[in-house]
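Below you'll find the structure, written out as structure tokens, and then a few comments.
The values are calculated or read from the model by the stated rules, or taken from the named source; none is laboratory data. Note that the structure is predicted; figures quoted are calculated from it, not measured. Reconstructed Cβ throughout: ideal geometry from the backbone, glycine too, with neighbour counts over all protein chains shown.
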Amino acid sequence: MISDKRDIEIKAFEVGPIGTNCYLTYDGNKTGILIDPGYPETAIRDFILRNDLKIEYTVNTHGHGDHIAGNKFFDYPVYIHELDEPFLTDGAKNLGFFAGMTVPKVKAFKILKDGDKILAGKLEFTVIHTPGHTPGGICLLAGNVLFAGDTLFHEGVGRTDLPGGSQKALEASIKNKLFTLPDNTKVYPGHGPATTIGHEKRNNPYITYNSEL
């Protein structure tokens, strides 16, 4: 469990066949959201019930199967960016087969756009549209915490060789939208360990960052 001074609680679960990070994040009153349920993981459901959490929505940072396959299992209203909304019902787009996963179809409850605010209890998340890994990839910013999906990893970035990917767009998303955040912004990625914006500016081998630009 990780807390920060902004009264946000974060519980991470690694789920599914390719180790996707799924996050429960909630306030001091136990109200929050579920981010990227990539697998119907009973341990997550048990944690929610055991801790009496009130989860208001599921937010998908993008539409690949390893991030959405648990949507129907948890059955919360699903939020996703407008450009990745078709992934929820189209197996050819969400590539569930690529990871050997079955992705039950669901309908989006709310379509997201860049700059939208998502409220859950005392928490406010700002949607940052970060295309590149997928056309509708997003990150969620809450205070000094960033849920980065498959845009930015610890010393890595999301792959861009899948349908709809763009290396140019991904680099622009990271440099122009994420690397402008404070260095102490904590980054919780879709795969692998947490990091910070400052660490990635200095050490990410896939992005050349010039602070004077």
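See the values below:
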{"item": "Where Thr180 falls short, out of the listed (1) among the β-branched types (Val, Ile, Thr); (2) touching a residue at least 60 places away in the same chain (Cβ under 8 Å); (3) surrounded by fewer than 17 Cβ atoms within 10 Å (Cβ to Cβ)", "result": "(2)"}
{"item": "Gly115 vs. criteria modelled with pLDDT of 95 or more, touching a Ser or Thr at 6+ places or on another chain (Cβ under 9 Å), surrounded by fewer than 16 Cβ atoms within 10 Å (Cβ to Cβ) and not in a helix (DSSP H, G or I)", "result": "yes"}
{"item": "Selection from the stretch 54-108 of residues that are farther than 18 Å from Thr130 by Cβ, among the aromatic types (Phe, Trp, Tyr) and assigned to a strand (DSSP E or B)", "result": "Tyr57"}
{"item": "Contacts under 9 angstrom Cβ, first residue in the stretch 188-206 being over 19 Å from Gln167 (Cα atoms), partner of a type outside the set (Phe, Trp, Tyr) and part of a helix (DSSP H, G or I), 6 or more apart", "result": "Thr195/Asn203; Ile197/Leu178"}
{"item": "The listed residue being β-branched (Val, Ile, Thr), farther than 23 Å from Lys11 by Cβ and surrounded by fewer than 21 Cβ atoms within 10 Å (Cβ to Cβ), out of Thr160, Thr126", "result": "Thr160"}
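Residues are listed down the side, and each one gets a yes or a no for (1) modelled with pLDDT under 95; (2) crowded, with 18+ Cβ neighbours inside 10 Å; (3) over 18 Å from Val187 (Cα atoms):
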| residue | (1), (2), (3) |
| --- | --- |
| Ser3 | yes, no, no |
| Val15 | no, yes, yes |
| Asn29 | no, no, yes |
| Gly38 | no, yes, yes |
| Leu49 | no, no, yes |
| Tyr57 | no, yes, yes |
| Asp66 | no, yes, yes |
